[in-house]
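The values are calculated or read from the model by the stated rules, or taken from the named source; none is laboratory data. The model shown is predicted, which means the values in this text are computed figures rather than measured ones. Heads up, the Cβs are rebuilt from the backbone with ideal geometry, glycines too, and the neighbour counts pull from every protein chain shown. Ligands, DNA and RNA are stripped out before the accessible areas are found, and what is left, the full protein with its side chains, is counted by its heavy atoms. Shrake-Rupley method; radii C 1.70, N 1.55, O 1.52, S 1.80 Å.
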Amino acid sequence: MVYRQRCLLLQETELVLDNNAKGLVRLIKDQELSSFEVTEYFIGRIEAHNGSINAVIAERFEAAREEAQRADEMVKRGEPLGALHGLPMTIKDAYEVTGLTCEVGHLPFKGRVSDTDAVVVQRLRAAGAIILGKTNTPLHCADLQTYNAIHGTTNNPHDVARTPGGSSGGAAAALAAGMTPLEFGSDIGGSIRTPSHFCGLFGHKPTFDIIPQRGHVPPVHGALTSPALGVMGPLARSVEDLELAFDVTVGFERKPGSGLELALPASRVTSVRHLRVGIWLGDDYCPVDHEILAGIEQAAQALASQGAVVSEAKPDFSLAEHHETYLMHLAPIVGASFGPDAIALMERVARELGPEDKSHNAIQARGSLLPHRDWLLWNEIRAHMVAKWDAFFDDYDVLICPVTPTTAMPHDQDTPYGARRIWVNDEPRPYTDNVVWAGVATLCSLPSTAVPVGRHSDGLPFGLQVIGPEYGDRTTLAVASMLESLGYTAELASGFY
């Protein structure tokens, strides 16, 4: 009875939410809180608030309670404990979790239960994490809004009339609503960074392929290959939580005896006084809300006030040519799952719009139909952009730029994808502008950390992305921590609680 009363008391205080994931693990290991109490707390948060947010779409509460009790027994016995010992968390539906459905909003997958864990889930569990349940995604993880025919619409905790983003929208919404202390998402078109930006969170898109993708859907259940560009990465309410989740999941999936190991370099900088920052403040090709740009500039100048060298700069290519190259790599990946009707539509669009049309819809249609011989030419163009990034990072440690053009968008599910619009500085723009700035880090496999830095006059949070050189993940995380220490991220994730 006393134990139950203590769990109820935790529900009525901010004792748990006063601590980030790393702090909760410490409290569990020190026996100041039990894993069972923390697990019960977050189950209570889900039961109380998921009805209005609709982020958690599959749960394993009873199994989680049992695992939490075992975690507490391990602490009492003095057994070796992992970096996430006893920590309950949710995870994006795209990851296979034994005993839970993995549907990604696709009706033919409805009710499909996984009999194995994705590699990321294996590593989280090996570190001591307890999976509470799974969070919603758009259909096939292929939208910047999170809704589907199986699980419905996920709402932004800061404003339920808005989207939390996608495709890790359920992950971000659950985290921002205090229903989980940690989440893991995936990103090919901003799917970690955009929800982080929309919900006032931190998110890290790692360097390509340093966290294994096996067990992620799409492509399909049981796939042994993974698409280029896509990555797996954490979302959190602090940088140290990002680093915690990153550290326990990063590393190649090695074959026994291969000898292949990943040794990421340390951060390029340990002090803001030695930091060299290039800042890309918008572009006419993809305009960005003036308030967001002002907030990004203010954050960069805060670094400058502490001794960083901050200059307006960007790699030696235009945003327009970069985005076309990005889409010609992304579209074949997306188009690989298209059926005959969708392919016929792409053929008609490509024919009607013609080769001179450089709109997103035209490029996507051509990319979806791209022969491999033509893809090789686009890949050569990409290689030249890689070289230009290398030259840029000779002079700068990181690039800071926008994540998307606006704050979180109102829900729009009735307009066909290609006809949707967003409003930027009172002007209509293509909905597909949402992936332009995300592609800046994605095409050339670069790490990027999303950092919340302000609140817009519309009341919604917004952020920036810190992009670093390939395998420079610890550098972008270090710069994110510098921004966090300057106070630009305070209270942005507390939109609901």
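For Val250, Val424, write out the residues from largest to smallest accessible area, computed with a 1.4 angstrom probe and no ligands counted.
Most to least solvent-accessible, the answer reads Val250, Val424.
As an exercise, use a Förster radius of 25 Å and the Cβ-Cβ distance of His456 and Ala304 to find the FRET efficiency, rounded to the nearest 0.05. Rounded to the nearest 0.05, the efficiency is 0.65.
Here the gap between Glu79 and Ser485, fully extended at 0.36 nm per residue and compared with their Cα-Cα distance, gives a gain of 142.7 nm. Ranking of Leu33, Leu262 by solvent-accessible surface, largest first: Leu262, Leu33 (1.4 Å probe, protein heavy atoms only, all chains present). Across segment 81-221, Cα-Cα pairs more than 27 Å apart make up 12 percent of the total. Roughly to the nearest percent, how much of the accessible area of segment 68-158 is carbon and sulfur, given a 1.4 Å probe? Heavy-atom surface of segment 68-158 belonging to carbon and sulfur, 1.4 Å probe: 51 percent.
For Val16, Val160, give me the order by solvent-accessible area with a 1.4 Å probe, most accessible first, ignoring ligands, DNA and RNA.
Val160, Val16
Applied to segment 150-159, the Karplus parametrisation 6.51 cos²θ - 1.76 cosθ + 1.60 on θ = phi - 60° returns per-residue 3J(HN,Hα) values of 8, 10, x, 9, 9, 9, 7, x, 6, 6 Hz, with x for Gly and Pro.
Counting only lysines at least 8 places from Lys110 when in the same chain, those with an alpha carbon closer than 21 Å to its own are Lys92, Lys134. With a cut-off of 16 Å on the backbone N, the residues of segment 71-86 near the modelled label site 7 Å out from Asp247 along Cα-Cβ are 81-86.
Solvent-accessible surface (1.4 Å probe) assigned to Met89 amounts to roughly 0 Å². The calculated FRET efficiency for the pair Ala161 and Asp316, based on their C-beta separation and a Förster distance of 35 Å, comes to about 0.25. Accessible area per residue for the chain, computed on protein heavy atoms with a 1.4 Å probe, is 39 Å². Whole-Hz Karplus values for segment 387-399 come out as 5, 5, 4, 4, 5, 4, 7, 5, 9, 10, 7, 9, 10 Hz, taken residue by residue from phi with 6.51 cos²θ - 1.76 cosθ + 1.60 and θ = phi - 60°; glycine and proline positions read x. Only lysines eight or more places from Lys29 in sequence, or on another chain, were considered; those with a Cα closer than 22 Å are Lys76. Using heavy atoms of the protein chains and a probe of 1.4 Å, the accessible area assigned to Tyr471 is about 80 Å². Can you tell me what percent of all Cα-Cα pairs in segment 267-395 are more than 23 Å apart? In whole percent, the long-distance tail amounts to 50. Each Lys and Arg contributes +1 and each Asp and Glu -1, all at the Cβ; summed about the Cα centre of the chain, the dipole is approximately 860 debye. In segment 191-328, the portion of solvent-accessible area held by carbon and sulfur atoms comes to 50 percent [1.4 Å probe, whole percent, DNA, RNA and ligands not counted]. With Cα atoms defining each centre, segment 261-279 and segment 160-234 are spaced 24 Å apart in the structure.
Volume per residue for the chain equals 148 cubic angstrom (convex hull of Cα atoms).
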